[in-house]
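Trainee: Just passing along the structure, written as structure tokens.
Since every read-out is calculated from the coordinates, none of them should be taken as a lab result. As the structure is a prediction and not an experimental result, all values here were calculated from the model. Heads up, the Cβs are rebuilt from the backbone with ideal geometry, glycines too, and the neighbour counts pull from every protein chain shown.
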Amino acid sequence: MSFRIPFLNLTLGRLLVHFSLMCLVMAWILPTMGLLISSFRDKDQLALTGWWTAFTTSTQNAYGRTGVAGEEFERDERYVLSGNFFEAGSKTIESYNTNFHKLDAYRAGQPLTMKDGSLFTLFQDGSYEWIAEKPFRHKRGKRIFYVAKVPPTFTLDNYVEVLNTEGISQSFINTFVVTIPATVIPITIAAFAAYAFAWMRFPGRQFLFVIVVGLLVVPLQMSLIPLLRIYNDIGRIFDVSGKSYPGIWLAHTGFGLPLAIYLLRNYMGTLPREIIESARIDGANHFQIFTKLVVPLSVPALASFTILQFLWVWNDLLVALVFLGKSDEQIVLTSKIRELLGSRGDNWEILTSSAFISIIVPLIVFFALQRFFVRGLVAGSVKGG
């Protein structure tokens, strides 16, 4: 007898299942939510604090430089140098000092006596006033370290920076040129092969299918360089470049075919045998059965693999780096985003906005075909062909 929770009308086992599913969902949603929130944050805040602090006021340690000699003006027979370290309203100064190790020595608005006897005052809005009895002589601004409260700031600057990058639109087009053929070609070949494995009788059928399944475990990275060498050898024979669009189409086709054949064969094997036999009795050949019966009935499986293949090719970086050049006519979106980081990764903050710009097209494809997705994946795993 299973224990039942009265107010939830659930057994303990089902409650544990629901809790586990909720944990899995949260494990996917929270990072995505954090990435989305971070993409709208100011670069300075993004570099200093986590996304979970985006809606709270944060503390920032920074410094500013004063004006130099020649920028002062006279007031009441004294020399005054004034200015502002940042735009009013963007931060609120709490404390400051000329020494980084004692930032809380002077509160905002409290005068600080310099070594030469002059008075320096930093106010809450970031404005400062430096008063001296004699003209200023320093040629470089004095560094003032401060602690400031920074309110939550959200901006579209990260998205604008990515979209205004030179060549980003061409990389979008190049990615489409790579992705569409690299999705259509393996689906077409795999559909014919899957039908043959499921409904055609020929010697070695099971052995060949085992080989196809075995190819699923071959690491992709092991075959990249040998395959590129073959492309280069063929290119030298025909006097063409080994790094080209047909080369990467064939590479993605080869890497995607084993999974495609496996999924489609399992799905086609679950189709009612009576339908296939009736078509044969009516005189239909294999091509007619495939095009008029099997393909329309296999739309869920075809749509499922279309989503998987499209997402993989669109988000691919490694294969594109190996089989394509870095010219503006060939560079894909993922490679272009990688270049935005700089040689030392100084602009890593724009990765958040770049990620959401790059997933727009895959999201459209997924939501357009998602009603077939689960049905196509599950059907072939429930019953074997």
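Trainee: If you count, for each residue, the other Cβ atoms within 10 Å and average over each peptide, how do 92-103, 250-261, 312-323 line up from highest to lowest?
Mentor: Per-residue Cβ counts within 10 Å, averaged per peptide and sorted highest first, yield 250-261, 312-323, 92-103.
Trainee: Here is a further query. From Cα coordinates alone, what are the radius of gyration and Dmax values for the stretch 58-151 in angstrom?
Mentor: Cα-based Rg and Dmax for the stretch 58-151 come out at 12.9, 41 Å.
Trainee: Find how much the distance from Glu133 to Glu339 grows on full extension, using 0.36 nm per residue of separation minus their present alpha carbon separation; answer in nm with one decimal.
Mentor: Between Glu133 and Glu339, full extension yields an extra 68.9 nm.
Trainee: Here's another thing I want to ask about it. Looking at the stretch 111-195, which GluC sites (Glu not before Pro) are in a loop (DSSP not H, G, I, E or B) and have at most 14 other Cβ atoms within 10 Å?
Mentor: Glu133, Glu166
Trainee: Let me ask something else about it. Let me know the volume per residue of the alpha-carbon convex hull for the chain, in Å³.
Mentor: 257 Å³
Trainee: Residue by residue through the stretch 102-117, what is 3J(HN,Hα) from phi via Karplus (6.51 cos²θ - 1.76 cosθ + 1.60, θ = phi - 60°)? Round to whole Hz and write x for glycine and proline.
Mentor: 10, 5, 9, 5, 10, 6, 4, x, 8, x, 10, 8, 6, 4, 8, x
Trainee: Could you list which residues have their amide H under 5 Å from that of Glu94, counting only those 5 or more apart in sequence or on another chain, with H placed in the peptide plane?
Mentor: HN-HN under 5 Å from Glu94: Val147, Ala148, Lys149.
Trainee: Quick test of the membrane-span-like rule: which DSSP H helices of the chain reach at least 30 Å along their long axis (C-alpha atoms) with mean Kyte hydropathy at least -1.0?
Mentor: Long hydrophobic helices here: 12-39, 168-199, 245-268, 360-382.
Trainee: Let me ask something additional. Which of the peptides 32-42, 185-195 is most tightly packed, and how do the rest follow, judged by the mean count of other Cβ atoms within 10 Å per residue?
Mentor: My ranking of the peptides, most packed first, is 185-195, 32-42.
Trainee: Moving on. Along the charge dipole of the chain, pointing to its positive end and built from +1/-1 on Cβ of Lys, Arg, Asp and Glu, which listed residue (Ala368, Phe356, Pro219) has its Cα farthest out?
Mentor: Positive-most Cα among the choices belongs to Pro219.
Trainee: With charges only on Cβ, +1 for K and R and -1 for D and E, what is the dipole size of the chain about its Cα centre, in debye, rounded to 20?
Mentor: Dipole magnitude for the chain comes out near 1380 debye.
Trainee: Another question about this same structure. Under unit Cβ charges (Lys, Arg +1; Asp, Glu -1), what dipole magnitude, rounded to 20 debye, does the stretch 58-151 have relative to its Cα centre?
Mentor: 440 debye
Trainee: Can you tell me the Rg and Dmax of the stretch 4-53, counting just the alpha carbons, in angstroms?
Mentor: Spelled out, the Cα radius of gyration and Dmax of the stretch 4-53 are 17.5, 52 Å.
Trainee: Subtract the Cα-Cα distance of Asn61 and Arg140 from 0.36 nm times their separation in residues, and report this length gain in nm to one decimal.
Mentor: Contour length minus Cα-Cα distance gives 26.3 nm.
Trainee: What ranking, highest mean first, results for peptides 73-86, 138-151, 324-337 when packing means the other Cβ atoms within 10 Å averaged over each residue?
Mentor: Per-residue mean Cβ counts within 10 Å order the peptides as 324-337, 138-151, 73-86.
Trainee: Let me ask something additional. Output the Cα-based Rg and Dmax of the stretch 233-297 in Å, rounding Rg to one decimal and Dmax to a whole number.
Mentor: 18.8, 53
Trainee: Related question: So which of Lys102/Lys149; Lys43/Lys139; Lys43/Lys326; Lys43/Lys102; Lys102/Lys142; Lys243/Lys336 end up more than 19 Å apart, counting from Cα to Cα?
Mentor: Lys43/Lys139; Lys43/Lys326; Lys43/Lys102
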